[in-house]
Amino acid sequence: MKNTREARQRTQQDFSERVWQLVAAIPSGNVATYGQIATLAGSPQRSRLVGRILSHLPAESRLPWYRVINAQGKISNPDPKRQQQLLELDGVEVKLLRVKLRRYQWQS
DNA sequence: CCTATGACCATAG
DNA sequence: CCTATGGCCATAG
């Protein structure tokens with residue numbers, strides 16, 4: 001298995017596509033964690049990259065990025081107000097930027 | 001190459 | 001509950 005720049009980019013592209021696919025599959029009313037998405041996408045170590053990928057979505061994207069929060073159940077988006085509002089439209093309770101994972105975490 | 005910086009995470013105190 | 005720490009990975013300078 002050669003390790004060319006192209007090959008590396010391809011695997012990262014694959015990862016991104018899986019992330020998009022998985023995020024799109026999170027049902028309304030549920031949330032997932034960055035680590036959960038990374039694990040389901042096949043790379044448990046890349047939770048950080050999941051956040052990066054979501055942060056780079058085009059503004060007009062219809063992907064429900066706001067359904068992804070951190071492992072503590074907390075919104076870690078630097079601009080959390082919009083995310084909280086969108087989650088509440090889903091019927092998810094948010095208190096002090098926090099969601100009860102026990103209740104809302106996506107059981108994939 | 002090295003350092004700094006993230007929408008992260010688990011663990012320890 | 002909080003902060004600190006070490007680990008992780010990709011990108012930018």
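Return the sequence-ordered ³J(HN,Hα) values of the stretch A:97-105 in whole Hz as given by the Karplus equation 6.51 cos²θ - 1.76 cosθ + 1.60 applied to θ = phi - 60°, using x for Gly and Pro.
So the Karplus estimates, Gly and Pro as x, are 6, 10, 10, 7, 5, 3, 9, 10, 5 Hz.
Taking the number of other C-beta atoms within 10 Å as the exposure measure, put A:Asp90, A:Asp14 in order starting with the fewest.
A:Asp14, A:Asp90
Please give the contour-minus-distance gain from A:Asp14 to A:Ala71: 0.36 nm per residue of separation, less the Cα-Cα distance, rounded to one decimal in nm.
Result for the pair: 18.2 nm of gain on full extension.
Quick one: putting +1 on the C-beta of Lys and Arg, -1 on the C-beta of Asp and Glu, what dipole do you get for the stretch A:1-97 around its Cα centre, in Debye to the nearest 20?
It comes to approximately 420 debye.
For Cα pairs less than 8 Å apart in space and 6+ apart in sequence, what is the mean separation divided by the residue count of the stretch A:4-47, i.e. the relative contact order in percent?
30 percent
What's the exposure ranking of A:Ile69, A:Ile53, going from fewest to most Cβ atoms within 10 Å?
A:Ile53, A:Ile69
Compute the semi-axes of the equivalent ellipsoid of chain A, taking the square root of 5 times each eigenvalue of the Cα gyration tensor, and list them largest first in whole Å.
26, 14, 12
Can you give the FRET efficiency to the nearest 0.05 for A:Gln85 and A:Arg52, using r as the Cβ-Cβ distance and R₀ = 30 Å?
With R0 = 30 Å, the Cβ-Cβ based efficiency is 0.85.
For A:Val31, what residues show an amide H to amide H distance below 5 Å, using hydrogens built from the backbone and excluding near sequence neighbours?
A:Gln105, A:Trp106
FYI, it's all coordinate maths here, none of it is from the lab. For clarity, every value in this text was computed on a predicted model and none was experimentally measured. Please note: Cβ atoms are built from the backbone with ideal geometry, for glycine as well, and neighbour counts cover all protein chains shown.
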